[in-house]
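Asks: Here it is, the structure, as C-alpha cells.
The values are calculated or read from the model by the stated rules, or taken from the named source; none is laboratory data. Everything numeric here is computed off the predicted structure, so don't read it as measured data. All Cβ positions, glycine included, derive from the backbone under ideal geometry; neighbour counts span all protein chains shown.
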Amino acid sequence: MNNATSPDTVDTPRPLHARVLDRIASLSIGIAGASLLGLVVVQGWQVFARYVLNSSPSWTEPVTLLLLATCMSLGAAAAVREDRHFRFHLLVQLLPPSLHRAADALAALVVIAIGGVLATWGARLLVDGFDIRMAGAPLPQSIPFLPLTVGGVLMVVFAAARLLAGGTAPTSAASPEKEA
C-alpha cells in the first residue's frame, strides 16, 4: 500500500525552504522537458530543410547546443534534488549501517564540489565569450554555458540542503513514496 494514500497517515507540513526547493526542482524539470521538445522540433526542421527544401538553416546547430545544455544541466540538478543522480548505492549498502550517514554526506560533498566547478567555470566561460557573436545565430557564443552555470548552482543548493537535512532525500508530493 502506498503511504501517500493510506488513510491513517498524517501529513506533516514541510518547511518553507523544502517547498521552495521542490518548486525550483519542478520548474527545472519543466524547463528541461520543454528544452528536449524544442530540441526535437529544431532538429526535425533541420532534417526537413536540408533534405526536402535543400536549404539547411544555419541557426539550428547553435540553438540545438543551447537546448541540449539546458536539458542536461537542469535535468541533472533536479535529479540531485530528488536523489536520482548517478551514485554507487551498492557500495554504500556494503558498508556497515553505522557508516551509511557518512557515505551519504560524502556523496553530497562530492556533488557540491562538482556543481561548484560547473557553476564557477561555466560562469567564467559565459562571461569570457559573451561579446563574441555565434556563427549562424544572433546569440552570444558563450550562451550554452548559461544553463551549465545555473545547473551547477542548483546542484550545489540541492546537495547542500540534503547535507544540512542529514542526508535524507526530500519526500515531496511529486516524488513516489516507497512501498511499506
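Asks: Please go through the stretch 64-91 and pick out each residue that is free of Cβ contacts under 8 Å to residues at least 24 places away in the same chain, over 23 Å from L21 (Cβ atoms) and in contact with a helix residue (DSSP H, G or I) (Cβ under 9 Å, 6 or more places away or on another chain). Don't jump to the end; show me each part of the working.
Replies: At the first step, the residues of the stretch 64-91 found to be free of Cβ contacts under 8 Å to residues at least 24 places away in the same chain are 79, 84, 86-91.
Still in the running and over 23 Å from L21 (Cβ atoms): 88, 90-91.
Within the stretch 64-91, F88, L91 meet the criteria.
Asks: Please work out which residue is farthest from S73 (Cα to Cα), limiting yourself to the stretch 32-54 and to residues that are surrounded by 13 or more Cβ atoms within 10 Å (Cβ to Cβ) and small (G, A, S).
Replies: A49
Asks: I'd like to check something: does the stretch 78-93 contain any residue that is over 25 Å from G151 (Cβ atoms), at pLDDT 80 or above, surrounded by fewer than 16 Cβ atoms within 10 Å (Cβ to Cβ) and not β-branched (V, I, T)? Don't jump to the end; show me each part of the working.
Replies: Step one: filter the stretch 78-93 for residues over 25 Å from G151 (Cβ atoms), giving 90-91, 93.
Narrowing further to those that are at pLDDT 80 or above: none.
The answer is no, given that none of the residues of the stretch 78-93 is over 25 Å from G151 (Cβ atoms), at pLDDT 80 or above, surrounded by fewer than 16 Cβ atoms within 10 Å (Cβ to Cβ) and not β-branched (V, I, T).
Asks: Are there any helices (runs of 4 or more DSSP H) wholly within the stretch 35-131 with 2 or more residues that are under 13 Å from the mean Cα position of the chain (by Cα), and if so which?
Replies: The qualifying helices (runs of 4 or more DSSP H) are 60-81, 100-128.
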